[in-house]
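**Q** Handing you a structure now.
Where a number appears in this text, it was derived from the coordinates with a stated rule and is not lab data. Since this is a predicted model, take the numbers as computed values, not measurements. Ideal geometry is used to build each Cβ from the backbone, glycine not excepted, and the neighbour counts take in all protein chains shown.
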Amino acid sequence: MNADLLLGDEAAAQAALDSGIGGAFSYPGTPATEIFEYIQEHAAGGGSSVSALWSANEKVAYEEALGMSYAGRRALVSMKHVGLNVAADPFMSSAITGINAGLVLVVGDDPGMHSSQNEQDSRYYHEFAHLPLFEPSNQQQVYDHVREAFEYSEDVGLPVMVRLVTRLCHSRSTVITRGPAEIAAGVPGRPRPDPSDWVLVPTNARRRYRRLLELQPRLLRDSEESPANSLRLAGRRGIIAAGIAHNYVLEALGSRTTDSLLHVQRYPLPESLIRELVNHCDDILVAEDGYPFIEERIGGLLGVPGKTIRGRLSGDLPRDGELTPDSVAAALGVPFVNSAQPVDGLAGRPPQLCKGCPHSDSFKAIVEAAAALGNAYMFSDIGCYALGAMPPLRAVHSCVDMGASIAMAFGAAQAGVHPIICTIGDSTFAHSGMTPLIGAARANANITIFILDNATVGMTGAQESMSCGERLIDIVRGLGVDPDHLHVIEPLPKNHAANVALIRRELEYRGLSVIIPRRACIHVKRQARDRGPACAAGCGGSDTVPLTREP
Ligand SMILES: Cc1ncc(C[n+]2csc(CCOP(=O)(O)OP(=O)(O)O)c2C)c(N)n1
Ligand code: SF4
């Protein structure tokens, strides 16, 4: 046993390593990025048999992990919450095929949208897919639950989800680790089960879906009997606390044990424990970070007669954003002074591209070239370049989801407007920009696409990019783009006039052009020197543009 000071993300990663995984799979995304990075760092060298290669996107990561599980080795797949939207297709079907060796999915939710485009709650996915879910409250539980999740995954033959939130992912605490599981000592893969289980043609799929439904009472019983879901019956006021909100409740109550308390760390929701608490109490507060998932399930449409259910739906806790120790204490009627108040007198600092960022020079040339052609439609995407939305550039008119820019631009082209400009980063292009480009190139859509090749995934901390340099040109050509309208430019002030002239020519062309402004992010070289933060100003370490200043 060792005691280590670990981030929540690192505790998940260490638990996966100690569980004997054969591989980790991921695409970067805050707050989950560090899970994979820790595994990459700790699995490197020393004859390690743990594979850790970034994937092109979350769907690919999930499928790679599923393939490893089918092949008999344990696999960890991690991603941010919106990544699970991208991976939803294999995720949902893997609940029906089941797994061979343990498959654990760790999802980092981002209530409060510190670095995300929305604050969706991944617990709905567990229910949607009928899969078990663990929701730890602290770093030690992250470690313990991920260890248990691998065992349980093999026990029930299903993928198991672990839900974290930003505060847990990115805060440190002492974690007692238990050393490697026996499986880690080079045990060969598990034997192959009947492969027809994995062939989801209707006859097999119906059979496997019925099996998944038949497993549900067992999953519920395991959840209800698990020590992770614990109930203390005391006074007539009850609290249901899930995940990190349990810490806030404990902090607010201090040594007081007069309230009844149900701590939920494992799903399906432990119905009988909830019923016991609700029967015993008159007034129940549900403290959960994210959506009012538990509160909705208890109150339903009509509420519980004679009982008061309070939480995010009732307005006792804020409906959106993160819970805080203060908001939970207030809902419990306990005075509480949060020590982490913003420091008075600090000026707000609007987010901006780093000084010397290649995207600045690209946007300056694009804006100048487009000015002569009237009101251009400027579709963009998610990455550092989304900061091109800020004044004085104002060259980004949309930023919706990874890879959306090209498809949206093609849709707009079909509405007949002109000119249409599309900006997308090299990593976002590999993630989900390639597929829409196939259709747009085939139709020779009237759009001008800029693939901003800065040789890295800048926004999430400068991870390696899959499609940059010469490889990117080969890919674009291979997708059917006319080589006469495919150009590489170097976005530097000294090339500004020439770049503007070329861009203007392509904007005037009524067909599809791809221009690749190619210049490395200023942090790529620095990072190679000393793994420091990718971005000193504006967007460093975050992963979508913080349009408002975070406290
Ligand atoms: C589905 C999804 N996965 C991951 C992310 C996190 N994320 C935001 S932008 C980005 C990639 C940015 O890289 P790139 O497109 O090369 O642009 P750069 O930041 O380097 O300018 C990632 C991984 C996300 N927002 N959504
Ligand atoms: S991290 Fe790199 S790409 Fe992002 S704003 Fe800074 S210089 Fe530009």
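**Q** Return the distance in nm (one decimal) between the two label points of a simple spin-label model at R192 and E151, each offset 7 Å from Cα along Cα→Cβ.
**A** 3.0
**Q** For a protection proxy built on the mean count of beta-carbon atoms within 10 angstrom, sort 98-110, 508-520 highest first, please.
**A** On the way: 98-110: 27.5, 508-520: 20.1.
In decreasing order of mean packing, 98-110, 508-520 become 98-110, 508-520.
**Q** For a protection proxy built on the mean count of beta-carbon atoms within 10 angstrom, sort 466-473, 374-381, 448-455 highest first, please. Write down the numbers at each step before the final one.
**A** Details: 466-473: 18.4, 374-381: 20.5, 448-455: 27.2.
Going from most to least packed, we get 448-455, 374-381, 466-473.
**Q** About its Cα centre, what dipole magnitude does the chain give when the only charges are +1 on Lys and Arg Cβ and -1 on Asp and Glu Cβ, stated in debye to the nearest 20? Could you put the intermediate results ahead of the total?
**A** Details: 48 positive and 61 negative charges, 136 e Å.
Once rounded to the nearest 20, the dipole reads 660 debye.
**Q** Something else about it: Determine the shape class of the stretch 35-98: with a ≥ b ≥ c the square roots of the Cα gyration tensor eigenvalues, call it rounded for a/c under 1.5, and otherwise prolate if a/b is greater than b/c, oblate otherwise.
**A** Details: a/c = 2.88, a/b = 1.48, b/c = 1.95.
The shape class here is oblate.
**Q** Take the Cα pairs of the stretch 433-494, get the Kirkwood Rh, then feed it into Stokes-Einstein at 37 °C and 0.692 mPa s and tell me D in µm²/s. Intermediate values should be presented prior to the final figure.
**A** Values: Rh = 13.0 Å.
Taking Rh from Cα pairs, D becomes 253 µm²/s.
**Q** Still on this structure, please answer the following. For Cα pairs less than 8 Å apart in space and 6+ apart in sequence, what is the mean separation divided by the residue count of the stretch 358-530, i.e. the relative contact order in percent?
**A** Relative contact order for the stretch 358-530 comes out at 26 percent.
**Q** Continuing with the same structure: Considering only DSSP beta bridges where both residues belong to the chain, give the percentage that are antiparallel (nearest 5). Write out the running numbers ahead of the final one.
**A** Details: 12 of 62 bridges.
Percentage antiparallel, nearest 5: 20.
**Q** Which whole-angstrom value gives the distance between the alpha carbon centres of the stretch 141-181 and the stretch 404-439?
**A** The stretch 141-181 and the stretch 404-439 have Cα centres spaced 38 Å from each other.
**Q** Another question about this same structure. In whole percent, what relative contact order does the chain give with Cα contacts below 8 Å and a gap of six or more residues?
**A** Details: 1196 pairs, mean separation 67.2, N = 551.
The value is 12 percent.
**Q** Another question, if that's okay. Out of residues 5 or more away from G23 or on other chains, whose amide H comes under 5 Å of its own, with H placed 1.01 Å from N in the peptide plane?
**A** HN-HN under 5 Å from G23: S51, L76.
**Q** Please rank E368, E63, fewest neighbouring Cβ atoms within 10 Å first, as an exposure proxy.
**A** On the way: E368 15, E63 18.
Ascending number of Cβ neighbours within 10 Å: E368, E63.
**Q** Rounded to whole Hz and in sequence order, give me ³J(HN,Hα) for the stretch 362-367 from the Karplus expression 6.51 cos²θ - 1.76 cosθ + 1.60, θ = phi - 60°, writing x for Gly and Pro.
**A** 4, 5, 4, 5, 4, 4
**Q** What fraction of the DSSP beta bridges in the stretch 2-225 is antiparallel, stated in percent and rounded to the nearest 5? Walk me through the intermediate numbers first.
**A** Values: 6 of 26 bridges.
Bridges in the stretch 2-225 that DSSP calls antiparallel: roughly 25 percent.
**Q** Give the cross-link partners of K80 among the lysines, using a straight C-alpha distance below 22 Å as the criterion and excluding same-chain residues fewer than 8 apart.
**A** K59
**Q** Does anyone have the angle between helix 496-508 and the longest principal axis of the chain? Alpha-carbon axes, 0 to 90°, nearest 10?
**A** 80
**Q** Strictly greater than 13 Å: what percent of every Cα pair in the stretch 356-404 meets that?
**A** Numbers: 649 of 1176 pairs.
The answer is 55 percent, as a whole percent.
**Q** How would you classify the stretch 230-331 from its alpha-carbon gyration tensor, with a ≥ b ≥ c the square roots of the eigenvalues: rounded for a/c under 1.5, else prolate if a/b is greater than b/c, otherwise oblate? Numbers along the way, then the final one.
**A** Details: a/c = 1.35, a/b = 1.08, b/c = 1.26.
Cα axes put the stretch 230-331 in the rounded bin.
**Q** Give me the dipole magnitude in Debye, nearest 20, for the stretch 1-121 about the Cα centre, with unit charges on the beta carbon: positive for Lys and Arg, negative for Asp and Glu.
**A** Values: 4 positive and 15 negative charges, 93 e Å.
The calculation lands at about 440 debye.
**Q** Here is a follow-up. Output needed for the stretch 358-530: three equivalent-ellipsoid semi-axes, defined as square roots of 5 times the C-alpha gyration tensor eigenvalues, in descending order, whole Å. Intermediate results must be reported in sequence, preceding the final value.
**A** Numbers: eigenvalues 102, 64, 47 Å².
Largest first, the stretch 358-530 gives 23, 18, 15 Å.
**Q** With unit charges on the beta carbons (Lys and Arg positive, Asp and Glu negative) and the dipole taken about the Cα centre of the chain, which residue among Q117, L393, I39 sits farthest to the positive side?
**A** Value computed over the given set: L393.
**Q** Treat the count of other C-beta atoms within 10 Å as a stand-in for reagent exposure and order I522, I309 from fewest to most. Intermediate results must be reported in sequence, preceding the final value.
**A** Values: I522 19, I309 23.
Listed from fewest to most nearby Cβ atoms, that is I522, I309.
**Q** Among the aspartates and glutamates, which fall within straight-line cross-link reach of K364, defined as a Cα-Cα distance under 20 Å, with same-chain neighbours fewer than 8 residues apart omitted?
**A** Qualifying aspartates and glutamates at Cα under 20 Å: D381, D426, D453, E490, E506, E508.
**Q** Using amide H atoms built 1.01 Å from N in the peptide plane, name the residues 5+ places from V396, or on other chains, whose amide H lies under 5 Å from its own.
**A** Placed amide hydrogens put A389 under 5 Å from V396.
**Q** What ranking do 238-248, 394-404 get when scored by the average of other Cβ atoms within 10 Å per residue, highest first? Let's see the in-between values first.
**A** Numbers: 238-248: 26.0, 394-404: 19.4.
Put in order of decreasing packing, that is 238-248, 394-404.
**Q** Another question about this same structure. Go through A329, T308, C281 and say which Cα lies farthest out towards the positive end of the charge dipole of the stretch 230-331; charges sit on Cβ, +1 for Lys and Arg, -1 for Asp and Glu.
**A** C281
**Q** Quote the Stokes-Einstein diffusion coefficient, in whole µm² s⁻¹, for the chain, based on the Kirkwood radius over alpha carbon pairs, a temperature of 10 °C and a viscosity of 1.306 mPa s. Could the numbers behind the result be given before it?
**A** Numbers: Rh = 25.1 Å.
Diffusion coefficient, whole number: 63 µm²/s.
**Q** For S93 and A498, FRET efficiency with R0 = 45 Å and r from the beta-carbon atoms, rounded to 0.05?
**A** For A498 and S93, the calculated efficiency is 0.35.
**Q** Moving on. Over the stretch 230-331, calculate the relative contact order: mean separation of alpha carbon pairs under 8 Å at least 6 apart, over the residue count, as a percent.
**A** Working: 180 pairs, mean separation 32.0, N = 102.
This gives 31 percent for the stretch 230-331.
**Q** Next question. About its Cα centre, what dipole magnitude does the stretch 230-331 give when the only charges are +1 on Lys and Arg Cβ and -1 on Asp and Glu Cβ, stated in debye to the nearest 20?
**A** Dipole size: approximately 320 debye.
**Q** Go ahead and estimate [θ] at 222 nm for the chain from helices alone: -39,500 (n - 2.57) per DSSP H run with n ≥ 4, summed, over the residue count, rounded to 500. Write down the numbers at each step before the final one.
**A** Details: 19 runs with 203 residues, N = 551.
The helix-only estimate for the chain comes to -11000 deg cm²/dmol at 222 nm.
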